[in-house]
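**Student:** Below you'll find the structure I mean.
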Amino acid sequence: MFPNHDEVDPIDAYGRLDRLPDGRPRVRLNMIASLDGAAALAGRSGALGGSADKALFAVLRSLADVILVGAGTVRAEKYGPPHLDDEARGRRREAGLAEVPEIAVVTRSCHLEWESKFFTEAQRRPVVVTVAGADEASRRRADAVADVLLAGDDDVDLAQAVQLLGERGHDNVLCEGGPGVAAQAAAAGVIDEVCLTVAPLVVGGDAHRILDGPEVDPAQRMHVVHVLEADSYLFMRYSRPPS
Ligand SMILES: NC(=O)c1ccc[n+]([C@@H]2O[C@H](COP(=O)([O-])OP(=O)(O)OC[C@H]3O[C@@H](n4cnc5c(N)ncnc54)[C@H](OP(=O)(O)O)[C@@H]3O)[C@@H](O)[C@H]2O)c1
């Protein structure tokens with residue numbers, strides 16, 4: 001059996017991540033999978049989660065400087081701007097952080113719903129991470145509502161994207177997927193920590209795994225920091241072994 005999720009202070013159990021000695025921000029990946037490895041149910045990851053998972057999602061956001069997410073997830077999960085409760089905001093203020101983390105969306109097409117609440121209700125101007133090859137009109141449209149970072153010609157280079165976020169003063173990045181962006185970040189060698197929730201559901205079907213993209217070569221070995229349980233959900237925190 002594992003310690004119950006409710007018996008630990010999640011802020012202590014997860015903590016903030018610092019930059020690496022070489023100056024790169026550390027990246028924490030937070031994902032959920034069914035027992036049989038599906039990253040979504042009926043096209044959305046939200047359908048896999050329970051209340052403890054939602055609470056953890058909020059805690060990890062509250063510990064992050066910036067959230068990095070793929071455009072596919074923003075569309076599928078109908079992302080709004082990050083919201084934190086008063087307690088989390090207060091904690092961040094006391095720590096000298098902005099009240100809410102920044103959020104950065106990776107897109108090649110640079111076609112996002114510019115009129116959606118993600119942009120119109122944002123407390124902090126969002127960041128769009130795109131490519132030089134995106135059409136100019138779309139980039140101009142993005143410029144009107146977001147800070148635009150170029151991190152490649154035809155594909156966003158995830159290592160470069162993380163570096164650029166570091167140059168904005170961010171020490172730690174919370175990557176919320178989806179599987180496409182997470183796989184590329186892992187292959188680029190910039191995933192330092194994996195927080196994986198295993199949902200007690202067997203769903204079958206053909207949903208992606210939590211990483212869907214290039215192979216990580218050589219495979220990245222991680223070591224376990226903790227495993228917690230709540231309502232048959234398992235909450236695993238793995239990180240790179242210290243080098
Ligand atoms: N289980 C979980 O924890 C979890 C977490 C998040 C999401 N999900 C699920 O995953 C599904 C979405 O997965 P996904 O893989 O399509 O989403 P994704 O990784 O969030 O987004 C894919 C999109 O990101 C952009 N992109 C990816 N790589 C890029 C690159 N190198 N350069 C530039 N742009 C790039 C492209 O956007 P453009 O199309 O705009 O060019 C691409 O269509 C949904 O069902 C969602 O619910 C699951």
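**Student:** When the range 116-138 is examined, which residues are found to be more than 18 Å from the chain's Cα centre (by Cα) and aliphatic (A, V, I, L, M)?
**Tutor:** Within the range 116-138, Val131, Ala132, Ala134, Ala137 meet the criteria.
**Student:** Against the definition (of a type in the set (S, T, N, Q) and within 12 Å of the chain's Cα centre (by Cα)), how does Thr73 come out, yes or no?
**Tutor:** yes
**Student:** Also, quick follow-up: With Asp9, Asp85 as the choices, which residue is modelled with pLDDT of 95 or more, within 24 Å of Leu228 (Cα to Cα) and acidic (Asp, Glu)?
**Tutor:** Details: Asp9 fails: modelled with pLDDT of 95 or more.
Only one candidate passes the filter, namely Asp85.
**Student:** On to the next question. Based on what the data block shows, is Gly189 away from the ligand (no atom under 13 Å from the Cβ) and either of a type in the set (D, E, K, R) or part of a loop (DSSP other than H, G, I, E, B) (or both)?
**Tutor:** yes
**Student:** Just checking, does the range 139-146 include any residue being open to solvent by less than 20 Å² (accessible area, probe 1.4 Å), within 16 Å of the ligand (Cβ to nearest atom) and in contact with a Pro (Cβ under 7 Å, 6 or more places away or on another chain)?
**Tutor:** Just the residues of the range 139-146 that are open to solvent by less than 20 Å² (accessible area, probe 1.4 Å), to begin with: 142, 146.
Applying the additional criterion that residues be within 16 Å of the ligand (Cβ to nearest atom) yields 142, 146.
Still in the running and in contact with a Pro (Cβ under 7 Å, 6 or more places away or on another chain): 146.
Yes: one or more hits.
**Student:** Six or more apart or on different chains, Cβ under 6 Å: which pairs go from a residue in the range 76-92 that's closer than 23 Å to Arg16 by Cβ to one that's within 15 Å of the ligand (Cβ to nearest atom) and among the basic types (Lys, Arg)? Could you list them?
**Tutor:** Pro82/Arg61
**Student:** Can you tell me which residue is surrounded by the most Cβ atoms within 10 Å (Cβ to Cβ) among those in the range 123-134 that are within 12 Å of the ligand (Cβ to nearest atom) and within 19 Å of Val74 (Cβ to Cβ)? Spell out how you get there, then give the answer.
**Tutor:** Of all residues in the range 123-134, those within 12 Å of the ligand (Cβ to nearest atom) come to 128-134.
Adding the requirement that they be within 19 Å of Val74 (Cβ to Cβ) leaves 128-131, 134.
Details: Val128: 25, Val129: 30, Thr130: 27, Val131: 19, Ala134: 21.
The qualifying residue surrounded by the most Cβ atoms within 10 Å (Cβ to Cβ) is Val129.
**Student:** Being more than 6 Å from the ligand (Cβ to nearest atom) and free of Cβ contacts under 8 Å to residues at least 60 places away in the same chain is the filter; apply it to the range 165-184 and report the residue that is least open to solvent (accessible area, probe 1.4 Å).
**Tutor:** Among residues in the range 165-184 that are more than 6 Å from the ligand (Cβ to nearest atom) and free of Cβ contacts under 8 Å to residues at least 60 places away in the same chain, the one least open to solvent (accessible area, probe 1.4 Å) is Ala183.
The values are calculated or read from the model by the stated rules, or taken from the named source; none is laboratory data. Being a predicted model, the structure only gives us computed values, none of them experimental. Neighbour counts run over all protein chains shown; Cβ positions are idealised from the backbone, glycine included. Note: areas computed on protein heavy atoms with side chains; ligands, DNA, RNA excluded. Shrake-Rupley method; radii C 1.70, N 1.55, O 1.52, S 1.80 Å.
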